[in-house]
Amino acid sequence: MLIRRLPPAIRNGLHMHSSNRLEELACLLADMLKGGAGADPFVPAQVVVQTPGVARWLSLRLADKLGCCMNVEYLFPRNFIDAATARMLGGRRPAHPDAERMAWRIFAVLPGLAAGEEVLARYLEDGVPLK
């Protein structure tokens with residue numbers, strides 16, 4: 001998943017691209033960066049990656065395609081969501097519940113969501129709470 005901040009004129013600055021070929025995503029990002037998609041050269045391009053290894057690999061591919069790779073900020077999904085939430089909350093950081101408590105909260109609301117979702121309804125139909 002690659003995400004890029006765009007110029008202020010474009011308010012919806014979140015672009016999400018997915019593919020099962022990482023090489024294609026790297027070429028797409030290189031083209032975006034080469035085209036000068038950012039309005040301010042001092043604001044880093046933000047790219048969401050799953051692992052530090054992917055970030056390193058992507059930096060090397062961008063350097064191959066563009067001659068150098070700089071001013072790119074690699075974020076992990078949790079960090080990206082935290083930063084976006086903090087911006088929406090006026091700078092306050094969200095409190096993260098522990099995983100076990102969150103799992104039970106999610107499980108409690110699943111039956112209500114299953115009405116319109118066939119796959120979820122099949123998953124929940126046996127009534128076994130732990131899977």
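So, in segment 17-31, of the ones that are farther than 17 Å from Val72 by Cβ and not in a helix (DSSP H, G or I), which residue ends up least open to solvent (accessible area, probe 1.4 Å)?
Looking at residues that are farther than 17 Å from Val72 by Cβ and not in a helix (DSSP H, G or I), I get Ser19.
Arg93 is checked against (1) over 20 Å from the mean Cα position of the chain (by Cα); (2) more than 23 Å from Ser18 (Cα to Cα) and fails just one. What number does that condition carry?
Going through (1) over 20 Å from the mean Cα position of the chain (by Cα); (2) more than 23 Å from Ser18 (Cα to Cα) one by one, Arg93 breaks only (1).
Which of the following residues is under 21 Å from Leu25 (Cα atoms) and in contact with a strand residue (DSSP E or B) (Cβ under 7 Å, 6 or more places away or on another chain): Val48, Val54?
Checking each option against the conditions leaves just Val48.
Just to be sure I understand the filter: pairs with C-beta atoms under 9 Å, separated by 6 or more residues or on different chains, first member in segment 63-90 and under 15 Å from Val49 (Cα atoms), second member surrounded by fewer than 15 Cβ atoms within 10 Å (Cβ to Cβ) and among the small types (Gly, Ala, Ser). Which pairs pass?
Taking only residues 6 or more apart or on different chains, the pairs are Leu75/Ala83.
Being of a type in the set (S, T, N, Q) and under 13 Å from the mean Cα position of the chain (by Cα), is that true of even one residue in segment 63-79?
Looking for residues that are of a type in the set (S, T, N, Q) and under 13 Å from the mean Cα position of the chain (by Cα), one finds at least one in segment 63-79, hence yes.
Any chance you could count how many residues in segment 122-131 are farther than 19 Å from Ala103 by Cβ and at pLDDT below 80?
0
Would you say Thr85 is modelled with pLDDT of 80 or more and of a type in the set (Ser, Thr, Tyr)?
So Thr85 does not fit the description; no.
Within the bounds of segment 3-13, is there any residue that is modelled with pLDDT of 85 or more and open to solvent by less than 80 Å² (accessible area, probe 1.4 Å)?
Within segment 3-13 (the criterion being modelled with pLDDT of 85 or more and open to solvent by less than 80 Å² (accessible area, probe 1.4 Å)), the answer is no, since none of the residues qualifies.
The values are calculated or read from the model by the stated rules, or taken from the named source; none is laboratory data. What you see is a predicted model, and the numbers here were worked out from it, not measured in a lab. Here the Cβ is made from the backbone with ideal geometry for all residues, glycine too, and neighbour counts use every protein chain on show. Heads up: the accessible areas ignore ligands, DNA and RNA and are worked out on the full protein's heavy atoms, side chains in. Shrake-Rupley method; radii C 1.70, N 1.55, O 1.52, S 1.80 Å.
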